[in-house]
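Values quoted throughout were computed directly from the atomic coordinates according to the rules given, and no laboratory measurement underlies them. Note that the structure is a prediction, hence the values are computed from the model and not measured. Don't worry about glycine lacking a Cβ; one is built from the backbone with ideal geometry, like all the others, and counts go over all protein chains shown.
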Amino acid sequence: MVDRANQPVYPSVPADRQFRGSDENIEDSGPLLPDHVLRRKKRIKLAIYISAFVVFEIMIILVFALVVMKARTLKVMLGTNVTFQNFETGTQARPSFDLSFTAQVQVKNTNFGPYKFDSTNATFMYQGVTVGQVTIPKHTAGMRSTKKVTVTVNVNSNALPSTTKLGSELGAGVLTLNSHAKFKEKVVFVFLMKKKKSAEMNCTMTVDSSTKAVKSMIC
């Protein structure tokens, strides 16, 4: 037989403390919610996530429309790398000029889409009088790039009146020509949307008659 006298004796927990411990565990775990309340909370949380996503998408679209889809004005200019094939000028007493040269028309497109333009005429003038014209052929300036079109220009003083200051200019060793061209076509966005955009070229070219080279080009 087992000697109960030698067994350890443990103090018994009062019944009221046992019940209090059970109640505290129930309170710590929180009140139990019905299923329909839990489902409602999930639906509210999902609606919040969807609303935040929609707002984010709207912001993305607005930024895309204001920045990417905005049609910017193109910059058209004559390059300074002008090569003369013919360069004949008269004297101060009998002023005249007859020039033939190649130049680059540069169409700078900063848009997020290609710029397609038809052929157009560039007019060269001396003191407001047309002294030559050249046709710039149809081309496309790629997205955020510069299209360079080489043209051959012939200008002469045949149409100038005798009242111009050509003699004094040639006496100073310079010849100043103005050029103008207007481009009217469209910028294509995402291969679908097209926005019409015009661009103009207005340049003043000063030629040194002694070196037969471009002294300055202002566009």
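Side notes on the structure shown:
- Residues whose placed amide H lies under 5 Å from that of Thr120, excluding near-sequence neighbours: Ile136
- Applying the Karplus relation 6.51 cos²θ - 1.76 cosθ + 1.60 with θ = phi - 60° to region 79-84 yields 3J(HN,Hα) values of x, 7, 7, 8, 10, 8 Hz, where x marks Gly and Pro.
- Each Lys or Arg adds one and each Asp or Glu subtracts one; over the other residues with Cβ under 15 Å from the Cβ of Pro34, this totals +4.
- Ranked by how many other beta carbons lie within 10 Å on average, peptides 150-161, 120-131 from highest: 120-131, 150-161
- Residue-wise HN-Hα coupling along region 125-134, computed from phi with Karplus coefficients 6.51, -1.76, 1.60 (Hz; x: Gly, Pro): 10, 10, 6, x, 9, 5, 10, x, 9, 8
- Largest to smallest principal axis extent of the C-alpha atoms in region 85-177, angstrom: 54, 22, 21
- Using a Förster distance of 41 Å, the FRET efficiency for Asn81-Ala52 (Cβ separation, nearest 0.05): 0.15
- Put a dot 7 Å past the Cα of Asn154, heading toward its Cβ, do the same for Val129, and the two dots end up 1.9 nm apart.
- Those lysines that a straight Cα-Cα span of less than 27 Å connects to Lys186, excepting residues fewer than 8 apart in one chain: Lys70, Lys75, Lys108, Lys116, Lys138, Lys147, Lys148, Lys194, Lys195, Lys196, Lys197
- Dipole magnitude for region 70-219: computed about the Cα centre from +1 point charges on Lys and Arg Cβ and -1 point charges on Asp and Glu Cβ, it is near 1140 debye.
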